[in-house]
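The values are calculated or read from the model by the stated rules, or taken from the named source; none is laboratory data. Predicted model only: the values in this text are computed from it and were never measured. Backbone-built Cβ (ideal geometry, glycine too); neighbour counts: all protein chains shown. Note: accessible area is taken over every heavy atom of the protein model, side chains too, but ligands, DNA and RNA are not part of it. Shrake-Rupley method; radii C 1.70, N 1.55, O 1.52, S 1.80 Å.
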Amino acid sequence: VQLQACGGGLVQPGGSLSLSCAASGRTFSIRYMGWYRQAPGKQRELVAGIVSGGTVTVADSVKGRFAISRDNAKKTVYLQMNSLKSEDTAIYYCKMNNAYGDVWGQGTLVTVSS
């Protein structure tokens, strides 16, 4: 199983960016897909996650600014990031969970700077 994350880059404060992460290979039944981030010198933290039934979890720090969605048929999870702040700068990782455990993507860098 592989996760391919796309969409990172440089954006000015207040701007928007959209990330996507597609699962490929023998994914079997995907139970959960989510986005995490790790800023320099900090631990990896949950940004947002969505289970197969559609229930969403969003970190308080991004609530109202970020939105997660999922296309089960495409095995893809999306993260729409609006009103970006400098503190959102981090490497963003996607994660998938199925009956066999967790799989992490390679990470994509998001830099919020003027």
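Please calculate how many Å² of accessible area the chain carries per residue, with a 1.4 Å probe and no DNA, RNA or ligand atoms counted.
Details: 6030 Å² over 114 residues.
Normalised by residue count, the accessible surface of the chain is 53 Å².
Quick one: how many Å² of Lys85 are accessible to a 1.4 Å probe, rounded to 10?
90 Å²
First compute the accessible area of the chain with a 1.4 Å probe, then give the percent of it belonging to carbon and sulfur atoms.
Accessible surface attributable to carbon and sulfur in the chain totals 49 percent.
Points 7 angstrom from Cα along the Cβ direction at Glu87 and Gln2: gap in nanometres?
That separation, rounded to one decimal, is 3.7 nm.
Enumerate cysteines in the chain without a disulfide-compatible partner, where compatibility requires another Cys Cβ under 4.7 angstrom.
Cys6
Could you rank Ile68, Ile91 by how accessible they are, 1.4 Å probe, largest area first? Can you show the working numbers first?
Values: Ile68 20, Ile91 65 Å².
Result, largest first: Ile91, Ile68.
How much length is gained on full extension from Gln12 to Arg26, taking 0.36 nm per residue of separation minus their Cα-Cα distance? Write down the numbers at each step before the final one.
On the way: separation 14, 0.36 × 14 = 5.04 nm, distance 3.80 nm.
The Gln12-Arg26 span can extend by a further 1.2 nm.
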